[in-house]
Amino acid sequence: VQWLLENYETADGVSLPRSTLYNHYLRHCSENKLDPVNAASFGKLIRSVFLGLRTRRLGTR
C-alpha cells in the first residue's frame, strides 16, 4: 500500500494498464527480495488505495 502511494497518484483523463503497475510492482519486489501478491490481489489493492478509480474496458462486450 505504501509503495503504491509513493509511486502513483490519480490524474483526470489519464489511463494506465493495470499490467503496467503490476510489472512495476513485481520489479520492486524482486529488487527488494519481497514476496509479491498475485495479480488479482494487486488489482484489489489498487482499488482500495485509490478510491473512486474507474476501470476502462477496451473492445466490445
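The values are calculated or read from the model by the stated rules, or taken from the named source; none is laboratory data. A quick note: this is a predicted structure, and the numbers were derived from the prediction, not measured. Heads up, the Cβs are rebuilt from the backbone with ideal geometry, glycines too, and the neighbour counts pull from every protein chain shown.
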- Task: Output the residues belonging to the stretch 1-20 that are within 16 Å of L53 (Cβ to Cβ) and either touching a Gly at 6+ places or on another chain (Cβ under 9 Å) or polar (S, T, N, Q) (or both).
- Result: N7, T10, S15, R18, S19, T20
- Note on the structure: For L34, the lone unmet condition from (1) out of contact with any helix residue (DSSP H, G or I) (no Cβ under 9 Å at 6 or more places or on another chain); (2) surrounded by 10 or more Cβ atoms within 10 Å (Cβ to Cβ) is (1)
- Item | Candidate set from the stretch 46-56 (those that are surrounded by 10 or more Cβ atoms within 10 Å (Cβ to Cβ) and β-branched (V, I, T)); member that is farthest from the chain's Cα centre (by Cα) | V49
- Message: Just to be sure I understand, how many residues within the stretch 13-45 are more than 12 Å from the chain's Cα centre (by Cα), farther than 17 Å from R57 by Cα and either modelled with pLDDT under 95 or part of a helix (DSSP H, G or I) (or both)?
- Response: 5
- Task: Go through the stretch 40-61 and count every residue that is closer than 16 Å to Y8 by Cβ and among the small types (G, A, S).
- Result: 3
- So which residues in the stretch 1-40 are among the hydroxyl-bearing types (S, T, Y) and touching a residue at least 40 places away in the same chain (Cβ under 8 Å)? Y8, T10, S15
